[in-house]
Amino acid sequence: MNPEREERQKRHMRELHEFNLAELRDDIVEYEQDIAAAAVRGNEFERQMWEEKLAETRARLARAEARKLPV
């Protein structure tokens, strides 16, 4: 494969990875806000649902951060 093309693909993979990490982090902030809002409203079911989503997203973020990308 063309070395220049290979480098472009690696750069694209790194950029996509960073974008995905940022999206997961944004989701976490949003879920934390949703949890607080549900607690203020006294909606235990909704709060619990957001806490589950938060836990899943934190786990996804941890897995994504652990991935090794080509340098």
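The values are calculated or read from the model by the stated rules, or taken from the named source; none is laboratory data. Owing to the predicted nature of the structure, the values given are computational and were not obtained by experimental measurement. When we count neighbours, we look across all protein chains shown, and the Cβ atoms used for this are built from the backbone with ideal geometry, even at glycine.
Worth pointing out:
- Residue list for region 33-71, filter: of a type outside the set (Gly, Ala, Ser), assigned to a helix (DSSP H, G or I) and under 30 Å from residue 11 (Cβ atoms): 56, 57, 58, 60, 61, 63, 65
- Filter result for residue 71 (loosely packed, with under 11 Cβ neighbours inside 10 Å, at pLDDT 95 or above and over 10 Å from the mean Cα position of the chain (by Cα)): no
- Qualifying position, being part of a helix (DSSP H, G or I), acidic (Asp, Glu) and more than 13 Å from the chain's Cα centre (by Cα), among 6, 30, 23, 18: 6
- Qualifying residue in region 26-38 (condition: touching a residue at least 24 places away in the same chain (Cβ under 8 Å) and of a type in the set (Asp, Glu)): yes
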